[in-house]
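S.K.: Input: one structure, supplied below.
The values are calculated or read from the model by the stated rules, or taken from the named source; none is laboratory data. All of these numbers come straight from a predicted model, not from anything done at the bench. FYI the Cβ positions are ideal-geometry reconstructions off the backbone, even for glycines, and counts take in every protein chain you see. Only protein heavy atoms, including side chains, enter the accessible area calculation; ligands, DNA and RNA are left aside. Shrake-Rupley method; radii C 1.70, N 1.55, O 1.52, S 1.80 Å.
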Amino acid sequence: MDMKYVTKRDGSQEDFDINKTRLVINWATEGTKSNPLELESKVDVVFFNGISTTTIQENLISHALSLADLENSDWLTVAANLRIMTRYKIYRDIDFKSFVLKKIEKEEYSQDLKCYTEEELDLANTWINKERDKIYDYAGANTLLSKFLYKDEPLQYLFLSSALVIASLEKEKSTRLKFA
């Protein structure tokens, strides 16, 4: 494999580092019966100089799906983890508070979220744990991503904002976050 650089999502280029791909594969296979080396051995053949990181991610997903069978359906979970990770990579620089405030302003999120202070939204942001998203199989992840989320919305933001909207109905301001 004669790769020197990859093209990142923002258009910039950086030296190719197989260790970054290994980290992604190891993260996606963690907690499953899937062997990360199996996936890594499949994707090497599709890499080319200048490949986009998005294409690398899509290739990982495609190969994880191709490895799924009755003996190891965990590859469907691996593919789901990779699909959800794609969403987080795109929006990793947008914190929950900024995201919510932008969505409220665009009237895409409930105006009920205005009852929370910026400090409360910052606190709620600390509750986000991407590892919780590793419970979906590929069909479940795709359904969530295609039917229930805004195109720019990470999965945990959907659940957290929904919990905050429901908790906003609490009469006692001091207990809203506890209920969320």
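S.K.: Show me the three semi-axes of the equivalent ellipsoid for the range 1-69, from the C-alpha gyration tensor (sqrt of 5 times each eigenvalue), largest first, rounded to whole Å.
M.R.: One finds semi-axes of 22, 12, 11 Å for the range 1-69.
S.K.: Give the Kirkwood hydrodynamic radius (Å, one decimal) of the range 1-145, defined as one over the mean of 1/r across all pairs of different Cα atoms.
M.R.: In the range 1-145 this quantity evaluates to 17.0 Å.
S.K.: Please compute the per residue accessible area over the chain with all protein chains in place, 1.4 Å probe, rounded to a whole number of Å².
M.R.: Per-residue accessible area for the chain comes out at 57 Å².
S.K.: May I pose another question? On the full set of protein chains, 1.4 Å probe, figure out the accessible area of D69 and give it in Å² to the nearest 10.
M.R.: Counting only protein heavy atoms, the figure is 80 Å².
S.K.: On to the next question. Using only Cα atoms, what Kirkwood radius does the range 84-151 have, in angstroms?
M.R.: 13.4
S.K.: Oh, and also: Determine the relative contact order of the range 10-168: mean sequence separation of Cα pairs under 8 Å and six or more apart, normalised by residue count, in whole percent.
M.R.: Reported relative contact order: 23 percent.
S.K.: Expressed in nm to one decimal, what extension gain is obtained for the pair T117 and N19 from 0.36 nm per residue of sequence separation less their Cα-Cα distance?
M.R.: Contour length minus the Cα-Cα distance gives 31.2 nm.
S.K.: From the helices alone, meaning DSSP H stretches of at least four residues, give me the mean residue ellipticity at 222 nm for the chain, per-run term -39500 (n - 2.57), in deg cm²/dmol to the nearest 500.
M.R.: Estimated from H runs of four or more residues: -15500 deg cm²/dmol.
S.K.: Tell me the carbon and sulfur percent of the accessible area for the chain, rounded to whole percent, probe radius 1.4 Å.
M.R.: About 52 percent, which is the carbon plus sulfur part of the accessible surface.
S.K.: For the pairs K4/K42; K89/K173; K130/K173, note any where the Cα-Cα span goes beyond 31 Å.
M.R.: K89/K173, as the Cα separations exceed 31 Å there.
S.K.: Here is a further query. Order the following by accessible area, largest value first: S146, S52. Probe radius 1.4 Å; ligands, DNA and RNA are ignored.
M.R.: S146, S52
S.K.: For the pair F159 and D10, how long in nm is the line joining their label points, each one 7 Å along Cα→Cβ?
M.R.: Reported label-point gap for F159 and D10 is 2.9 nm.
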